[in-house]
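Structure first, commentary second.
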Amino acid sequence: QKRTMSTPTPKIPLILKSEARIQQDCVMWFRGKFSQRIRPHIGNKILHCPNENQQRLMSIGLLPGVPDLECYVGASNVPLYFEIKTVDEKLSRLSPAQNDFQKWCKLTNKCYFVVRSLDEFQKIILSL
């Protein structure tokens with residue numbers, strides 16, 4: 001009787017979503033399914049502040065390190081800050097300016113989250 005060795009399953013490369021794509025998924029879910037069907041409320045707002053080191057805009061208020069998304073849920077006027085990163089924690093880390101903003105949030109009791117997927121974002125929003 002001939003014995004065969006099992007062939008190892010080939011490793012399928014993990015396809016990383018870009019930070020922009022993860023952010024787009026979060027915004028689309030929040031504005032669509034969450035705000036229209038799961039928990040409709042006029043107070044549900046999500047916005048993006050483009051702050052990607054545009055030196056020429058600093059004189060009119062650009063602040064390096066401000067998170068990708070600012071979010072308000074329901075009647076709360078408390079901002080939730082979300083910094084979007086990819087799942088690769090070695091390559092996708094907070095910049096020094098982002099670390100400073102995160103520290104400021106902690107010192108001033110603001111809500112700051114680093115999320116690496118739509119799933120993480122949804123869990124946070126749905127837990128409120």
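Looking only at the stretch 68-105, residues that are among the aromatic types (Phe, Trp, Tyr) and assigned to a helix (DSSP H, G or I) come to 2 in all.
Filtering the stretch 24-45 down to residues that are of a type in the set (A, V, I, L, M) and within 18 Å of Glu120 (Cβ to Cβ), which residue is modelled with the lowest pLDDT? For the stretch 24-45, the residue satisfying everything is Ile38. Within the stretch 106-128, the set of residues being open to solvent by 80 Å² or more (accessible area, probe 1.4 Å) and outside any helix (DSSP H, G or I) comprises Asn109, Ser127, Leu128. Could you tell me whether any residue of the stretch 12-23 is open to solvent by 40 Å² or more (accessible area, probe 1.4 Å), of a type in the set (Val, Ile, Thr) and modelled with pLDDT under 90? Yes; the residues of the stretch 12-23 include at least one that is open to solvent by 40 Å² or more (accessible area, probe 1.4 Å), of a type in the set (Val, Ile, Thr) and modelled with pLDDT under 90. Residues of the stretch 54-71 being of a type outside the set (Val, Ile, Thr) and more than 14 Å from the chain's Cα centre (by Cα), which ones? Within the stretch 54-71, Gln54, Gln55, Arg56, Leu57, Met58, Ser59, Gly61, Leu62, Leu63, Pro64 meet the criteria.
Filtering the stretch 64-112 to residues that are within 30 Å of Arg37 (Cα to Cα), of a type in the set (Lys, Arg) and out of contact with any Lys or Arg (no Cβ under 8 Å at 6 or more places or on another chain) leaves only Lys110. Scanning the stretch 52-59 finds one or more residues that are at pLDDT below 95 and within 22 Å of Asp25 (Cβ to Cβ).
The values are calculated or read from the model by the stated rules, or taken from the named source; none is laboratory data. No experiment lies behind these values; they were computed from the predicted model shown. Positions of Cβ are generated from backbone atoms using ideal geometry, with glycine treated the same way; all protein chains shown enter the neighbour counts. Accessible surface is based on the protein model in full, side chains and every heavy atom, while ligands, DNA and RNA are left aside. Shrake-Rupley method; radii C 1.70, N 1.55, O 1.52, S 1.80 Å.
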